[in-house]
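Colleague: This is the structure I want to talk about, given as structure tokens.
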Amino acid sequence: MSNWVLGVSLLLWLMGFLLLRHLRPCPSSGRVAPRGLLSVIIPARNEEDSLPRLLRSLAEQSPPPNQIIVVDDASTDATAEIARKHGATVISPPPLPEGWRGKTWACQQGAAAAAGDLLLFVDADTWFEPDGLGRLLGAFQGGAFSVGPYHAVERLIESLSLFFNLNMVVGTAPQGLFGQVLLVGRSTYFMVGGHESVRGRILENLHLADQFRKAGFFVGSRAGRGVCSFRMYPNGLKELVPGWSKAFASGASRARRSVLALLILWKTGLMLVPIGLAVTANWTQWGIAYLLCAAQVAWFGRKVGSFHWSGLVLYPIPLVFFFIVFARSAFQSGKEVRWKGRVIRAD
């Protein structure tokens, strides 16, 4: 019985390599970047700590964007002041209308004020790597294109996000859209209804991708290593758990069924191995299988974030954490949750 379970676990481990096609980054060089003015739109709510790094990284691009708009979403800190100090145009949208989310409202208002032929929506907690903007523009094929930022891990506890980041990138790329960094043509954006068409959604990127597809436009994405980075929920469990809980189960359920099934099978295999090792104490067979799984997780994990080595070697810990928070997210689906000082309904 033990050998049979071990064989199944190794088969599922092998199947995990099929996920690699979803983890490809933007090419370092390629087609000539599209012509036209580029407007960067940054929705920001109380982002005084994150915003300077992003704005500095944009200024260091060659060439830098033609226009940077920071949409101050009713911040109570120095977000607007910092944005102006770094040369960005700051707009303060009207009060949030009924049925809208703060981010979708800010993005729509920023797009209306933008002068560029290309619109790049960027979350305030991201930043661009050297020549990252050029790589992003070079990968753009029209329609809508996005990248999943590389998770720059600075604290050990942030490594608990390992399987969430993998799930997010694998479940989105190469045919979906990420919400953190999204590049679109101005005319195309308004043709599909912009963020107004997804105004009440938490995972607006997933629903916006549907709008582009329905209109017959290209939708594509890549992993963001070498293009842009971010820190996710740097304030520990008090931010990490509710942040991933608010809509993750809903987002995962919208992944392609074949990809979702592969992710489930792969994680099942990863979980069977440490269980088998604990039950049998057979370090010859199950120990080797565990090392193979840990090496694979480390390889995949480094493609989406700079996760601490201990979280990769002891991968069952972030994996169990993933299962627990995923269950919490599924339980919260459709209920009201609090995020960034607002009460929202989880997708």
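Colleague: Identify all residues within segment 32-79 that are within 21 Å of Phe230 (Cβ to Cβ), in a loop (DSSP other than H, G, I, E, B) and hydroxyl-bearing (Ser, Thr, Tyr); write none if there are none.
Modeller: Result: Ser50, Ser75.
Colleague: Report those strands (runs of 3 or more DSSP E) wholly inside segment 83-186 carrying at least 2 residues which are surrounded by fewer than 22 Cβ atoms within 10 Å (Cβ to Cβ), at pLDDT 95 or above and in the same structural domain as Pro65 (by TED's automatic domain parsing).
Modeller: Qualifying strands (runs of 3 or more DSSP E): 89-91.
Colleague: Still on this model: Does segment 77-84 contain at least one residue that is over 27 Å from Gly200 (Cβ atoms) and either touching a residue at least 40 places away in the same chain (Cβ under 8 Å) or in contact with a strand residue (DSSP E or B) (Cβ under 7 Å, 6 or more places away or on another chain) (or both)? Walk me through it before giving the result.
Modeller: Filtering segment 77-84 for residues over 27 Å from Gly200 (Cβ atoms) gives 78, 81-82, 84.
Applying the additional criterion that residues be either touching a residue at least 40 places away in the same chain (Cβ under 8 Å) or in contact with a strand residue (DSSP E or B) (Cβ under 7 Å, 6 or more places away or on another chain) (or both) yields 84.
Yes: segment 77-84 contains one or more residues that are over 27 Å from Gly200 (Cβ atoms) and either touching a residue at least 40 places away in the same chain (Cβ under 8 Å) or in contact with a strand residue (DSSP E or B) (Cβ under 7 Å, 6 or more places away or on another chain) (or both).
Colleague: Could you identify the single residue in Arg213, Arg256, Arg199, Arg225 that is over 30 Å from Ser62 (Cβ atoms), touching a strand residue (DSSP E or B) at 6+ places or on another chain (Cβ under 7 Å) and either outside the structural domain of Gly99 (by TED's automatic domain parsing) or charged (D, E, K, R) (or both)?
Modeller: Values: Arg256 fails: touching a strand residue (DSSP E or B) at 6+ places or on another chain (Cβ under 7 Å); Arg199 fails: touching a strand residue (DSSP E or B) at 6+ places or on another chain (Cβ under 7 Å); Arg225 fails: over 30 Å from Ser62 (Cβ atoms).
Criteria check complete, one pass: Arg213.
Colleague: Same structure again: Does Leu18 satisfy the criteria of being within 23 Å of Gly185 (Cβ to Cβ), surrounded by fewer than 17 Cβ atoms within 10 Å (Cβ to Cβ) and among the aliphatic types (A, V, I, L, M)?
Modeller: Numbers: within 23 Å of Gly185 (Cβ to Cβ): no; surrounded by fewer than 17 Cβ atoms within 10 Å (Cβ to Cβ): yes; among the aliphatic types (A, V, I, L, M): yes.
Answer is no for this residue.
Colleague: Here is a further query. Would you be able to say whether some residue in segment 112-134 is farther than 20 Å from Leu54 by Cβ and polar (S, T, N, Q)?
Modeller: No, every residue in segment 112-134 fails to be farther than 20 Å from Leu54 by Cβ and polar (S, T, N, Q).
Colleague: Can you say whether Glu239 is under 15 Å from the mean Cα position of the chain (by Cα), closer than 29 Å to Asp49 by Cα and surrounded by fewer than 24 Cβ atoms within 10 Å (Cβ to Cβ), as far as the supplied structure shows? Working first, answer last.
Modeller: Numbers: under 15 Å from the mean Cα position of the chain (by Cα): no; closer than 29 Å to Asp49 by Cα: yes; surrounded by fewer than 24 Cβ atoms within 10 Å (Cβ to Cβ): yes.
So Glu239 does not fit the description; no.
One line per residue, one yes/no per condition, for (1) farther than 18 Å from Trp100 by Cα; (2) surrounded by 20 or more Cβ atoms within 10 Å (Cβ to Cβ):
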| residue | (1), (2) |
| --- | --- |
| Thr188 | yes, no |
| Gly194 | no, yes |
| Ala223 | yes, yes |
| Phe230 | yes, yes |
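Colleague: Which helices (runs of 4 or more DSSP H) does segment 211-305 wholly contain that include 2 or more residues that are not small (Gly, Ala, Ser)?
Modeller: Working: elements: 237-245, 248-253, 257-280, 286-304.
Those helices (runs of 4 or more DSSP H) span 237-245, 257-280, 286-304.
The values are calculated or read from the model by the stated rules, or taken from the named source; none is laboratory data. From a predicted model like this one, the values you see are computed outputs, not experimental measurements. Cβ coordinates were reconstructed from backbone atoms using ideal geometry, including for glycine residues, and neighbour counts include every protein chain displayed.
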